[in-house]
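Enquirer: Starting off with a structure, shown below.
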Amino acid sequence: MKDKENGDDSLQPKDKPSKGIEPKQEMPDSPKAGPEGATPSAPIAIEKPKAGGAVEQQVDAEGSPSSSGDHKPRTDEAASSVAAKSVSTKPQSFLGERPLPAIEMAPRVLRYRSRRDFLLFGTGALAALAGGAFLLPQDTLNRLGVRRNMDSPGKEWFLNKALRIDDDVAEGLYSGTRRVPTYTKSQITPLKNNYNGATPDPGYISGWKLTLDGLASGLSIPLDIQNLLTRFSVHEQITRLVCVEGWSAIAWWAGLRFDDLFRAYPPMSQAKWALVESSVNLDGSGNPDPYFMSLDLATARHPQTLLATHFNGQPLTVEHGAPLRLLVPVKLGLKNVKAVTRITYVAEEPRDYWAERGYSRYDGI
């Protein structure tokens, strides 16, 4: 290596000895061989190197070893020390790429860390497996051979908390200006009858009324289907209905916008929720089982939220919620109440049929 600034081939000036290495002393010519036991006329002074004095290589300011001195293999400690000192001191820009430092590790340390990481990974995997088993339904655990009852209040609390986090994220991402996709009539697919329980007898239709409560006027207002069809404009849309069971269907709906009803009959000032009910709902055995659902007013006033009166160009049938059903395309199907009989505006989040049975409350898509 040449000293670029001085243009000299040596690392040190020629008239100065290398630092850290003692100059060799001149040795006088050996006297000629004399008689055995004769004493030499001049003593010979031989300077023995101090321990480690001329063995270690010196490192100059640039990190280059001195060319003087005996060369012996460096020990691991010396090599590590040289590697640590060989980091460039050239200034780096803030966004510039930094060189990676050289890291040397003894095989013994590497083996120790590998065993430790393996044990930590195995412990984590077992903990995850145990936690997953804790959250499985009891019927599934029984099939897997786990007979111990794992149902507990803590398990129920954890699952409900997880559902609530999902609701909070969905609610935070909600936008009143975002619309779900719409389709053409050629894309319509069959929509099955999916009442919660048994399909009610159509005899209720003749006496059906929609009752509005929680209004700013303080009144309770009943409306029949003719009141709704004559007072409000009818809007059509072809959207997808998504069921929590995993299926979906594209259908052609028509009816009044919920927001139009909201404006015509404004709720009390502190209202933030609507409790939507159906008194004609039946359970699987055909017994009365009133259905109720909570709906935030921001979603109720979404431009695609309808109180539907028609399905595929015809008045609603009993199977699809005659004579008036709620249609909320930005929510799962369980929020789309059939045969609505009452809407009540309230300040606090009201009861919800499926949320009380362990399902989510928000149910956004």
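Enquirer: Taking interchain pairs and intrachain pairs at least six residues apart, which have beta carbon atoms under 7 angstrom, with the first residue in the range 227-248 and more than 18 Å from GLN314 (Cα to Cα) and hydrophobic (A, V, I, L, M, F, W, C) and the second open to solvent by 80 Å² or more (accessible area, probe 1.4 Å) and modelled with pLDDT under 95?
Expert: So the pair list comes out as VAL242/ILE365.
Enquirer: Kindly establish whether ALA322 is of a type outside the set (Asp, Glu), farther than 23 Å from SER360 by Cα, open to solvent by less than 30 Å² (accessible area, probe 1.4 Å) and not in a strand (DSSP E or B).
Expert: yes
Enquirer: At pLDDT 90 or above and farther than 25 Å from GLY364 by Cα, is that true of PRO153?
Expert: no
Enquirer: Kindly provide the set of residues from the range 272-319 that are in a loop (DSSP other than H, G, I, E, B), farther than 20 Å from ARG361 by Cα and acidic (Asp, Glu), ordered by number.
Expert: Once the filter is applied, which keeps residues that are in a loop (DSSP other than H, G, I, E, B), farther than 20 Å from ARG361 by Cα and acidic (Asp, Glu), the range 272-319 yields only ASP283.
Enquirer: Same structure, new question: Tell me, which residue of the range 157-177 that is in contact (Cβ under 8 Å) with a residue 12 or more places away in the chain and more than 16 Å from the chain's Cα centre (by Cα) is farthest from ILE250 (Cα to Cα)?
Expert: PHE158
Enquirer: In the range 300-314, how many are within 38 Å of the chain's Cα centre (by Cα) and open to solvent by 30 Å² or more (accessible area, probe 1.4 Å)?
Expert: Total satisfying the criteria: 2.
Enquirer: Among the residues of the range 197-208, are any touching a Phe, Trp or Tyr at 6+ places or on another chain (Cβ under 9 Å), within 25 Å of THR317 (Cβ to Cβ) and modelled with pLDDT of 95 or more?
Expert: No, there is no match, as no residue in the range 197-208 is touching a Phe, Trp or Tyr at 6+ places or on another chain (Cβ under 9 Å), within 25 Å of THR317 (Cβ to Cβ) and modelled with pLDDT of 95 or more.
Enquirer: Also: Go through the range 162-181 and give me each residue that's surrounded by 14 or more Cβ atoms within 10 Å (Cβ to Cβ), closer than 14 Å to ASP296 by Cα and of a type outside the set (A, V, I, L, M, F, W, C).
Expert: ASP167, GLU171, TYR174
Enquirer: Identify, please: which residue in the range 227-243 is outside any strand (DSSP E or B) and closer than 21 Å to TYR183 by Cα and is, among those, modelled with the highest pLDDT?
Expert: VAL234
Enquirer: Pairs please, first residue from the range 271-299 and open to solvent by 60 Å² or more (accessible area, probe 1.4 Å), second anywhere and assigned to a strand (DSSP E or B), Cβ atoms under 8 Å, 6+ apart in sequence or on different chains.
Expert: LYS272/ASP296; LYS272/VAL346; SER279/PRO288; SER279/ARG342; PRO288/LEU282; PRO290/GLU277; PRO290/SER278
Table: residues versus (1) closer than 14 Å to ARG342 by Cβ; (2) touching a His at 6+ places or on another chain (Cβ under 8 Å); (3) among the aliphatic types (A, V, I, L, M).
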residue: ALA251; (1), (2), (3): no, no, yes
residue: ASP260; (1), (2), (3): no, no, no
residue: ALA274; (1), (2), (3): yes, no, yes
residue: GLU277; (1), (2), (3): yes, no, no
residue: GLY284; (1), (2), (3): no, no, no
residue: SER294; (1), (2), (3): yes, no, no
residue: THR299; (1), (2), (3): no, no, no
residue: THR305; (1), (2), (3): no, no, no
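Enquirer: Given (1) among the hydrophobic types (A, V, I, L, M, F, W, C); (2) closer than 20 Å to VAL244 by Cβ; (3) in contact with a Ser or Thr (Cβ under 8 Å, 6 or more places away or on another chain), where does VAL280 come up short, assuming only one miss?
Expert: Condition not satisfied by VAL280: (2).
Enquirer: Would you point out the residue of the range 182-210, among those that are among the hydroxyl-bearing types (Ser, Thr, Tyr) and under 37 Å from the mean Cα position of the chain (by Cα), that is surrounded by the fewest Cβ atoms within 10 Å (Cβ to Cβ)?
Expert: Restricting to residues being among the hydroxyl-bearing types (Ser, Thr, Tyr) and under 37 Å from the mean Cα position of the chain (by Cα), the top hit is THR184.
Enquirer: Right, another one. Only one of VAL340, VAL330 is open to solvent by less than 30 Å² (accessible area, probe 1.4 Å), closer than 18 Å to TYR195 by Cβ and touching a residue at least 12 places away in the same chain (Cβ under 8 Å). Can you tell me which?
Expert: Only one candidate qualifies: VAL340.
Enquirer: Here is a follow-up. If we keep just the residues of the range 343-365 that are under 29 Å from the mean Cα position of the chain (by Cα) and acidic (Asp, Glu), which is most open to solvent (accessible area, probe 1.4 Å)?
Expert: Per the stated criteria, the residue is GLU356.
Enquirer: For THR317, all conditions in the list (1) surrounded by 17 or more Cβ atoms within 10 Å (Cβ to Cβ); (2) out of contact with any Asp or Glu (no Cβ under 8 Å at 6 or more places or on another chain); (3) over 29 Å from ASP168 (Cα atoms); (4) among the polar types (S, T, N, Q) hold save one; what is the number of the exception?
Expert: Going through the list (1) surrounded by 17 or more Cβ atoms within 10 Å (Cβ to Cβ); (2) out of contact with any Asp or Glu (no Cβ under 8 Å at 6 or more places or on another chain); (3) over 29 Å from ASP168 (Cα atoms); (4) among the polar types (S, T, N, Q), THR317 breaks only (1).
Enquirer: Continuing with the same structure: Of all residues being in a helix (DSSP H, G or I) and either of a type in the set (A, V, I, L, M, F, W, C) or open to solvent by less than 60 Å² (accessible area, probe 1.4 Å) (or both) in the range 139-150, which is modelled with the lowest pLDDT? Just the residue, please.
Expert: In this case the residue turns out to be LEU141.
The values are calculated or read from the model by the stated rules, or taken from the named source; none is laboratory data. As the structure is a computational prediction, the values presented were derived from the model and not from experiment. With ideal geometry, Cβ positions are generated from the backbone for all residues, glycine too; neighbour counts draw on all protein chains shown. Quick note on the areas: whole protein, heavy atoms, side chains included, nothing else; ligands and nucleic acids left out. Shrake-Rupley method; radii C 1.70, N 1.55, O 1.52, S 1.80 Å.
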